[in-house]
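The values are calculated or read from the model by the stated rules, or taken from the named source; none is laboratory data. Computed from a prediction, not measured in an experiment: that's the story for all the values here. Quick reminder, even Gly has a Cβ in these numbers, built from the backbone with ideal geometry, and neighbours come from all protein chains shown. Calculation scope for accessible area: heavy atoms of the full protein, side chains included, ligands and nucleic acids excluded. Shrake-Rupley method; radii C 1.70, N 1.55, O 1.52, S 1.80 Å.
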Amino acid sequence: MTAPSHSPAPLRLGPIEVPMPVVLAPMAGVTNASFRRLCRQAAESALPEAARPAAPGPIPTDSGGLRAPAGLYVTEMVTTRALVERNEKTLAMVRTDPAERVRSIQLYGVDPVIAGKAVRILVEEDLADHIDLNFGCPVPKVTRKGGGAALPWKRDLLAAILRECVSAAESAARAAHRPREVPVTMKMRVGIDESHETFLDAARAAERAGIAAVALHARTARQHYSGQADWARIAELKESTRLPVLGNGDIWVGDDAVRMMAATGCDGVVVGRGCQGRPWLFADIVAAMRGEASRARPDLDGVIAVIREHARLLADEMGEDRGVRDLRKHVGWYLKGYPVGGAARNALMRVGSLAELDAALGVMRSHLPAQVPYPGETVEGPRGRAGHPKRPHLPDGWLDSPVLDADQAELLGEAESDVSGG
């Protein structure tokens, strides 16, 4: 494809400027502080040397805002009720990495009052610079209770949550004398299924509520993660709203991000599964957005170096035992396509310390040729199981009306459980 002649326009979310408009999507159990740091550092490494930040942490702009030179890296999603109830695990998740440029936190909630209280905590206690709201989760245990991707069908409820969160962010910033506002964005799907699309109505509600930007995963809840994302729906959304639009779905290499922006006119991209075991994807995307010919294509030694760094970061974040165990889920993703063999993979899944990890990686490497190059297209695609379309699980009578009734409101209280992203 033809490289762009210049970088895209910066993404602006209130006082936040994002010159390279790429966002790491929250993924439960994946996008903790260690993985976010790996992704951000990879992205910043692809910036021109003069544009690379000299030190970690926030970067103020001359106008009093914040600058995220190589994208936004959002926390794992947290539930609003757990935050309001001061759940210890949830509070730990929202205490972000001090090295981050912008503290972006994603909330999942179903009750306008609880959601507003959660936003006030984040703003008044100076825990976030940007808040994202998730209405894209397709997991059956969530949608069957009316949450996640099912919720935007109830237009009154969605509008109330959006209004309350924006109002809470504004009033809390004033009350706490924050030096800058905290913008609120939202992520959603096309709808529940092909016959019950919600994204255009949801965008109109977002615009009326004062939401700063909308992100669209271009699949329905029924599609889950199967098939291909329909980028034409992102283009349709962009044409229908004045808000900045971020596109999500099927970005596996940097050129995919450029293609999506060119095809849809969207203002930036959101990356989820494509970066699992591939934090260097963000370097690839930044290089592609800048029109550079270089791409991130690590050989096995490069991957091993990232695995070791990831383990070290996790050990610092969680303690060595827990950190090394947490790394195990990433090992298969990291080594996908590299000819390391089943025995080596199994050995790496059993390590319990940094020393054992280092030894197992050394044994694995010693049995391979001096050069083990990047495998190419075999590693550039979905991680894990994409699955098949699934009939959405919804509360009885959920689709009868776009207005919430009393029984459904009561059921929604059960929807705020441990959930994944969208």
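Beyond 26 Å in Cα-Cα separation lie the following of the pairs Lys117/Lys329; Lys145/Lys187; Lys89/Lys141: Lys117/Lys329. Stokes-Einstein, applied to the Kirkwood radius of segment 218-325 over Cα pairs at a viscosity of 1.002 mPa s and 20 °C, places its translational diffusion at 136 µm² s⁻¹. Does segment 13-134 classify as rounded, prolate or oblate by the C-alpha gyration tensor (a ≥ b ≥ c root eigenvalues; a/c under 1.5 gives rounded; else a/b over b/c gives prolate, otherwise oblate)? It comes out prolate by the Cα gyration axes. Take Glu236: with every protein chain present and a 1.4 Å probe, its accessible area is about 70 Å². The modelled label-to-label distance between Ala406 and Arg345, using points 7 Å beyond Cα along the C-beta direction, is 5.5 nm.
Taken about its Cα centre, the chain carries a charge dipole of about 560 debye when Lys and Arg each add +1 at the Cβ and Asp and Glu each add -1 at the Cβ. Of the residues Ala150, Leu133, Met77, the one whose Cα sits farthest toward the positive end of the charge dipole of segment 33-151, with +1 on the Cβ of Lys and Arg and -1 on the Cβ of Asp and Glu, is Ala150.
For the chain, the relative contact order works out to 20 percent when only alpha carbon pairs closer than 8 Å and six or more residues apart are counted. Per residue, the chain exposes 41 Å² of solvent-accessible protein surface, assessed with a 1.4 angstrom probe and all protein chains in place.
Carbon and sulfur together cover what percent of the accessible area of the chain at a 1.4 Å probe radius? Heavy-atom surface of the chain belonging to carbon and sulfur, 1.4 Å probe: 50 percent.
Only helical runs count toward this figure. For the chain, summing -39,500 (n - 2.57) over DSSP H runs of n ≥ 4 and dividing by all residues gives -12000 deg cm²/dmol at 222 nm. Per-residue surface analysis assigns Trp231 an accessible area of about 40 Å², computed on protein heavy atoms at 1.4 Å probe radius. Springs between Cα atoms under 10 Å define the GNM used for the chain, and in it the highest mean-square fluctuation of Ala360, Ala263, Ala293 occurs at Ala293. Cα-based radius of gyration for segment 280-422, normalised by 2.2 N^0.38 Å, reads 1.48.
The Kirkwood hydrodynamic radius of segment 140-239, based on inverse pair distances between different Cα atoms, is 14.5 Å.
Pair-distance distribution of segment 103-180: all C-alpha pairs, bin width 5 Å, starting at 0; shares per bin in whole percent are 3, 17, 26, 22, 15, 10, 5, 2, 0. On a 0 to 90° scale, report how tilted helix 33-45 is relative to the longest principal axis of the chain, with both axes built from alpha carbons and the result rounded to the nearest 10. Around 70 degrees separate the two axes. For the options Asp126, Asp407, Asp267, a Gaussian network treatment of the chain with springs between C-alpha atoms closer than 10 Å singles out Asp407 as fluctuating the most.
Equivalent ellipsoid of the chain: semi-axes from √(5λ) of the C-alpha gyration tensor, largest first, are 34, 24, 23 Å. What number, in percent, do you get for the relative contact order of segment 316-365 if the mean sequence gap of Cα pairs under 8 Å and at least 6 apart is divided by its residue count? Contact order relative to length: 41 percent.
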